[in-house]
Amino acid sequence: MTEAGGTEHLVTSPVQPGARPLRPTRAEIDLDAIAHNVREVRDLVAPAEVVAVVKADGYGHGAAPVARAAVRAGATGLAVALVEEAEELREAGVTAPILLLSEPSPEAAGRAVTAGVVPTIYSVDFSEALRKEASQQGQPIRVHVKADTGMGRVGVPRSEWESFLHVLRAWPELEVEALWTHLACADIPGDPAVVTQLDRFDEFIQIARKQGFQPSLVHAANSAAALTLERSHRDAVRLGIAMYGCPPSADLAGVGDLRPALRLVTEVAFAKHIEAGTPVSYGHTWRAPHEGWLATLPIGYADGLPRLLSNRAEVLVGGERRPLVGTVCMDQILVWCGEQEVVLGDEVVLIGRQGLEEISVQDWANWARTITYEIVTGLGPRVPRVYRSRSLEHEK
Ligand SMILES: *Cc1c(COP(=O)(O)O)cnc(C)c1O
């Protein structure tokens, strides 16, 4: 139990099945923050629906708990990248509709149908495999057709759109529920490619309507587009990173009233007073500028802390920002506390708030020259996720 009568649920990591972790390093996931962010975006985009994207284990936050919190907060569906991710959600008892964002191989069509996903289609081979599944089970399968309007990754290209639709028209076993596309530059404010893609998307839609398709849904927006571009909202937005309370890019930090869902915490595992000039960690890339306190923390790059943070990042100890010094090791890092004495067991916050200070995922992304997505999805399986919620009485 946490303060205010909320619940706390500990999911042990695969490294320690069933056992309480011995290491104090943990990721605290605030499910109320997830719910708040879903509501916030839902209010912003209504009447468009919110589809909660929980691929990559819910961006490292845990797919099933995040999915449940999102659906309770008003998300009308979920989205994942892999059939296996959908299977995991179903095994966890999640019953909400799940959109599969990419095609698996045609051989996996049966597994996709069994998992009860709504497949995205853009190739004739996979569509044909699905059609066979549909005729075997004697009822049509709902599909979302993806158009490539300029992302250049997957989706039906403009040059093949008419012929692809022509094939689909001959296959009533596949019920085209939606047309969708994905924007390449929505996280770059004012980038003209966004408007170009939305214009092209309208053209794809018009052609489909002319060929007799009447999709009940059209969707294009990811988090960045949902937050910044009303024109992109259409009938649904696919909400990923913003649901976790992280900005899609440094340029969009502070857009929307989003609450970070992740807090990454550990404790001082070893502390000592060192002499001026003492070198530390691999390669001796740092030496103490004067005598003072050095703390060792039990977290390293094997837990998802980028090695690029070596001599670049800060952590919170005793409510103060303290520099990460020396090279990041596989299982440990070192923190310079100067005159502030530290002792074994002192709480250290790597991401999140401590006292008046806060370190964000975007701070880590800046230090590691990457994006928030890579930071949160990189959090390793060795870090136990602890769930907090004041409002949800949530079962495993
Ligand atoms: C991951 C993904 C999203 C979610 O993107 P965010 O920027 O995290 O909101 C939306 N659509 C597709 C196709 C994706 O792959």
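A short reminder: the numbers here are calculations on the coordinates, not readings from a lab. Treat the numbers as computed from the prediction; the structure is a model and nothing was measured. Here the Cβ positions follow ideal geometry from the backbone for every residue, glycine too, while neighbour counts run over all protein chains shown.
Work out how much length Glu374 to Leu308 would gain on full extension: take 0.36 nm times their residue separation and subtract the Cα-Cα distance, in nm to one decimal.
22.5 nm
Rounded to the nearest Å, what's the spacing between the alpha carbon centres of the stretch 214-273 and the stretch 357-381? Just the number, please.
13 Å
Divide by every residue of the chain the summed helix terms, -39500 (n - 2.57) for each DSSP H run of at least 4, and state the resulting mean residue ellipticity at 222 nm, rounded to the nearest 500 deg cm²/dmol.
So the calculated ellipticity at 222 nm is -8000 deg cm²/dmol.
Calculate, in nm to one decimal, what Val124 and Val255 gain on full extension: separation in residues at 0.36 nm each, minus their alpha carbon distance.
Gain in length upon complete extension: 43.2 nm.
If you fit an axis through the alpha-carbon atoms of helix 31-45 and take the longest principal axis of the Cα set of the chain, what angle between them do you get, 0 to 90°, nearest 10?
On a 0 to 90 degree scale, this one is about 40.
Note the full-extension length gain between Met330 and Arg111 as 0.36 nm times their separation in residues minus their Cα-Cα distance, in nm to one decimal.
That pair, Met330 and Arg111, stretches by 75.1 nm at full extension.
How are the C-alpha pair distances of the chain spread across 20 Å bins, as whole percents from the shortest bin up?
Binned Cα distances yield the sequence 26, 50, 21, 3.
Would you mind checking the tilt of helix 63-72 against the longest principal axis of the Cα atoms of the chain, expressed as 0 to 90 degrees and rounded to 10?
70 degrees
Less than 12 Å Cβ to Cβ from Val383, Lys/Arg counted +1 and Asp/Glu -1: what total charge do the surrounding residues give?
+1
Rounded to the nearest 5, what % of the DSSP beta bridges within the chain are antiparallel ones?
That works out to approximately 55 percent antiparallel.
Just grab the label-to-label distance for Gln137 and Asp43, each label 7 Å out from Cα along the Cβ direction, in nm (one decimal).
That separation, rounded to one decimal, is 3.8 nm.
Which of Gly326, Gly152, Gly74 moves most in a GNM of the chain, Cα contacts under 10 Å?
Gly152
Based on the Cβ-Cβ distance from Glu357 to Thr278, what FRET efficiency comes out when R0 is 30 Å, to the nearest 0.05?
For R0 = 30 Å, the calculated efficiency reads 0.70.
For every other residue with a beta carbon closer than 12 angstrom to the beta carbon of Trp180, add +1 if it is Lys or Arg and -1 if Asp or Glu, then tell me the sum. Don't jump to the answer; show the numbers that get you there.
Values: positive: Lys146, Arg234, Arg238; negative: Asp148, Glu177, Asp235.
That works out to 0.
Under 19 Å from a label point 7 Å along Cα→Cβ of Ile207: give me every residue in the stretch 132-165 with its amide N that close.
Counting backbone N atoms under 19 Å from the label point, the list is 144-165.
Any number yet on Rg/Rh for the stretch 175-242, C-alpha, Kirkwood? Don't jump to the answer; show the numbers that get you there.
Details: Rg = 12.2 Å, Rh = 12.3 Å.
A ratio of 0.99.
Once you have a ≥ b ≥ c as the square roots of the Cα gyration tensor eigenvalues for the stretch 93-151, tell me rounded if a/c is under 1.5, and otherwise prolate or oblate according to whether a/b is larger than b/c. Kindly include the intermediate steps, with their values, before the conclusion.
Numbers: a/c = 1.89, a/b = 1.21, b/c = 1.56.
It is oblate, given that a/c is not under 1.5 and a/b is not larger than b/c.
Under a plain spin-label model, where a point goes 7 Å from the Cα along Cα-to-Cβ, how far apart in nm are Val154 and Glu341?
Going by the 7 Å Cα→Cβ label model, 5.8 nm.
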